[in-house]
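Everything below concerns the one structure shown next.
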Amino acid sequence: MPINIRPAVLIIENQQILTMQYQYGGQEVYNLPGGNLELGEHLSDALMREMHEELGIEVSIGEMILVGEVYFEDRKKHTLHLLFEGKITAGIPTLNPAETSALATKWLDIDKLNTINLYPNLSKSIQDYLAGKLNNKYIGKIDQQWF
């Protein structure tokens, strides 16, 4: 069974985080913009491509913030999530329905992260990072109890 590698980007403006909204299993779910690597593609290149394709924006990619894993036993699905700092350098996030199944883009208040279904569930790790309290970039297993 291969492991899926999914880089994502943390974009913050005005104390809000850019997310993409989905509907899964009758639940509203948010995730950080990102996507899957194509063969031979570097992580930062994949993120820049995905942001351009899905949201019509240009981004600069900064430091890696963290790495974590999600494994769904029942689906035999294992994903390695890598989160990077990012900044919009051109454009306004606008969904391209031909490239994503997201329903909307949403800017969510940083202090409300714990009140939403975020996939992967990085709310606490993001808040720790922003407070300068994330001690280890490898956070291990990401708990997805709600999903």
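The values are calculated or read from the model by the stated rules, or taken from the named source; none is laboratory data. It should be emphasised that the depicted structure is a prediction, and the values quoted were computed from it without experimental measurement. With ideal geometry, Cβ positions are generated from the backbone for all residues, glycine too; neighbour counts draw on all protein chains shown.
Computed values, structure above
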| read-out | value |
| --- | --- |
| Qualifying residues in region 92-115 (those that are crowded, with 16+ Cβ neighbours inside 10 Å and of a type outside the set (Ser, Thr, Tyr)) - the one modelled with the lowest pLDDT | Leu113 |
| Some residue of region 96-112 being at negative phi and in contact with a Pro (Cβ under 8 Å, 6 or more places away or on another chain) | yes |
| Qualifying residues in region 27-82 (those that are part of a loop (DSSP other than H, G, I, E, B) and under 13 Å from the mean Cα position of the chain (by Cα)) - the one surrounded by the most Cβ atoms within 10 Å (Cβ to Cβ) | Pro33 |
| Check on Val67, within 27 Å of Asp143 (Cα to Cα) and out of contact with any Asp or Glu (no Cβ under 9 Å at 6 or more places or on another chain) | yes |
| Residue within region 86-96 that is within 18 Å of Asn4 (Cα to Cα), of a type outside the set (D, E, K, R) and part of a strand (DSSP E or B) present | no |
| Complete set of residues in region 64-95 that are at positive phi and not charged (D, E, K, R) | Gly91 |
| Close pairs (9 angstrom Cβ cut-off, 6 or more residues apart or separate chains): under 18 Å from Ile3 (Cβ atoms) in region 28-56, part of a loop (DSSP other than H, G, I, E, B) and among the β-branched types (Val, Ile, Thr) anywhere | Gly35/Thr100 |
| Search result, residues across region 64-100 that are farther than 18 Å from Glu13 by Cβ and either acidic (Asp, Glu) or without any contact (Cβ under 8 Å) to a residue 60 or more places away in the chain (or both) | Glu69, Glu73, Asp74, Arg75, Asn96, Pro97, Ala98, Glu99 |
